1. Kirkwood Rh over alpha-carbon pairs of region A:110-202, then Stokes-Einstein at 20 °C and 1.002 mPa s: what D in µm² s⁻¹, rounded to an integer?
2. Would you kindly compute the Cα radius of gyration of region B:8-256 and its largest Cα-Cα separation (Dmax), both in Å?
3. Once phi is turned into ³J(HN,Hα) by the Karplus curve 6.51 cos²θ - 1.76 cosθ + 1.60 with θ = phi - 60°, what whole-Hz value does each residue of region B:225-234 show in order, with x for glycine and proline?
4. Near the amide H of B:ASN97, under 5 Å away, which other amide H atoms are found, from residues 5 or more places off or on another chain, if H is placed in the peptide plane?
5. Could you pull the copy-to-copy label distances for B:PRO69, with points set 7 Å along Cα to Cβ, in nm to one decimal and sorted shortest first?
6. One decimal, nm, shortest first: give the distances between the label point of B:ARG232 and those of the same position in the other copies, each label point 7 Å from Cα along Cα→Cβ.
7. Find every distance from the label point of A:GLU120 to the corresponding label point in the other copies (7 Å from Cα along Cα→Cβ) and write them in nm, one decimal, shortest first.
8. In whole Å, what is the distance between the alpha-carbon centres of region A:75-153 and region A:229-256?
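Nothing in this text is a laboratory measurement; each read-out follows from the coordinates by a stated rule. Since the structure is predicted, the reported quantities are computational estimates derived from the model, not experimental observations. All Cβ positions, even for glycine, are placed from backbone atoms using ideal geometry, and neighbour counts span all protein chains on display.
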There are 2 protein chains.
Amino acid sequence: MADGRGYIIPVGGAEEKIGDITILRRFASLCDTAGRIAIIPTASEVSDTGARYETVFQGLGVTEARSLPIYTRADAELPELIAILDQSDGIFLTGGNQLRLSTMIGGTSMAKALRRRSAEGAHIAGTSAGAAFLCEHMIAFGREGASPRAKIVTLAPGLGLTNRVIIDQHFRQRDRLGRLLTALAYNPFAIGIGLDENTAAFIGPDNSLEVVGGGALTIVDTSELEFSSMARVRKNDPVCLIGLKVHILDHGSTFNLTTRVAAPAPAIARRA
Amino acid sequence: MADGRGYIIPVGGAEEKIGDITILRRFASLCDTAGRIAIIPTASEVSDTGARYETVFQGLGVTEARSLPIYTRADAELPELIAILDQSDGIFLTGGNQLRLSTMIGGTSMAKALRRRSAEGAHIAGTSAGAAFLCEHMIAFGREGASPRAKIVTLAPGLGLTNRVIIDQHFRQRDRLGRLLTALAYNPFAIGIGLDENTAAFIGPDNSLEVVGGGALTIVDTSELEFSSMARVRKNDPVCLIGLKVHILDHGSTFNLTTRVAAPAPAIARRA
C-alpha cells in the first residue's frame, strides 16, 4: 500500500487483455499480487464487462478480483458494496459511457468511498470512460477534429480524485486534440492529458506521472498561455490560443504535475 | 476579519447601487467599514464598471475601494496588483461575461492569490458573471427554459473557491431553472443555487448560507435523487430527474450546505 494517497491511473481505452497485458499487469502488481481488486462496470451497457476483467485480473494472480454490480443510484448506496471497496487495494473502472458513471455514482456514498479510499492509499484506475470520470472536470462528450472550436466539448463534474488534470482518451485514434484544447481554453488552469489507446498515466502520490503502454501520451501545459479567445468566439469558430506547451511522451517517460517538467524514458536519455 | 475562510458571496446581478443598497452595504460592513475592497472588473467590456463600484463602496464609507485593471493574462501576473489583493479585506468581481474571467484569470497568479485570500479570511463577492465564476464548476453559457434538456448548458472550470455548489444568476428574470437542473443532472453531487437579480447568498465559513436581497434564492438539492437520464438523452431531449428537493428562500432565510437543512427568516418562523 502506498504512503499517503494511492496512484490515480487513467488508461486510454483498449488496453491489452491478452499477450503482454502491460498496463493491467503493472496495475495489479502495484496493488500487490496478494491484493484485492474491485471492478466497477457501471459505465458499460455490456453485461459481461465486469466478469471479463475479473478473469483478466485473476489470471494475473491477484487474491481476489470482484465486479460490483452498480447499475442504479440505489446500488451505489449499498453498505455491502462499500465494504468490499474498504477491503480493496485497487479499484478499476471499466469503459463505456462516462455519463453513466457520473449520473449513477455522482453524489452517492460510493463516490465518497472512492475519494476516501484514494486518500487512504488505494490505487484507482479507469479505462476510457472510466479514465474520463476520475478527475474533477470530466469531458462528458464532444466532437472530433484537431483544432479547438467553441462548443465542441461538454464538461461535467467528475469523481474529483484530482483537479490538476483534464483527461481525454482514445486520443490519436479519435482525433481529439481539438476537444481537449477547447476544454482547456475555458480556464487554462488544468493540465491536459491525451491518452492514446493501450496507454496509461500512472500518477503517483507525489503528482509525478509515468507513461505505461504502447501509444503516446500528449501533455498540454497552459501555464505560459498568453491569450485564449474563448470569451469571444461563436459556435464552431476556431479558438485562438497563444503560448501552449505540448509534450508527446512514450512508455517510460515522466511528467511532474507540480513542477511541469517532462523527462524521456531512462533508456532513451542514455542514448542521447 | 472572519475566523478561517472568508465569506463567499454570489449575487444574482442587478443589485441596488442607490437607495437601500442592501447587498453591497452588507458586504461592505462584513469587510469592516474601516476596511479595503478590491474590485475586479475583468468580466465587463464597459470601461467605467470598476469606477462605478469604487464610487458605490466609497459612498458606503470604506477606507479604500480600488478597481484593479486586469484585462489580459499578463495583467493577472502583476505583483503590484496581487499586493493590493493581499491588503484587501474584501474582493468584488463585477458582472459581464464569466468566460472573460476564466480565460484571463484562470491558471494565473491572480487566481491563486484569490483562492489564498479566501482561505485566509478575505470575503469574496461576485455579481452575475462574477457570481458564476466563484465556484469550481461554472455555468459558462446556456439556453433559457424551465425544463432540463441535454446540451442546453456548458460547464467550465471556475475559480474554485468551493465545489459544493453550482450557481446560476438572473434566475427568475431569465428563466434558468432548466439549465441549472441540466448542470446538476450530469453529476448530482453539487447543490444548485439559483439567484434572482438583487439577491445574494452570504455563504459563511461554516458553509451555512443566508439570503440577502429583494428576490428569491432557489436551492436544488440532489442528495436524494433516485435517477438521472442524462447518460442516455439526445440533444434537446428533456432529461428525466426523479427525487429532486427544492427550496425557494427569501431575505433572511438560511440553508446549511453541510446538513442540507433550510430555515425561514426568524420573523416568519415566529409568525408560524
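1. Stokes-Einstein gives a translational diffusion coefficient of 160 µm²/s.
2. 17.5, 55
3. 4, 8, 7, 10, 8, 4, 6, 10, 7, 9
4. Counting only residues 5 or more places away or on other chains, the set is B:SER44.
5. Going from nearest to farthest copy, the values are 6.7 nm.
6. 4.5
7. A:GLU120 label point versus its equivalents elsewhere: 3.7 nm.
8. If you average the Cα positions of each part, the centres end up 24 Å apart.
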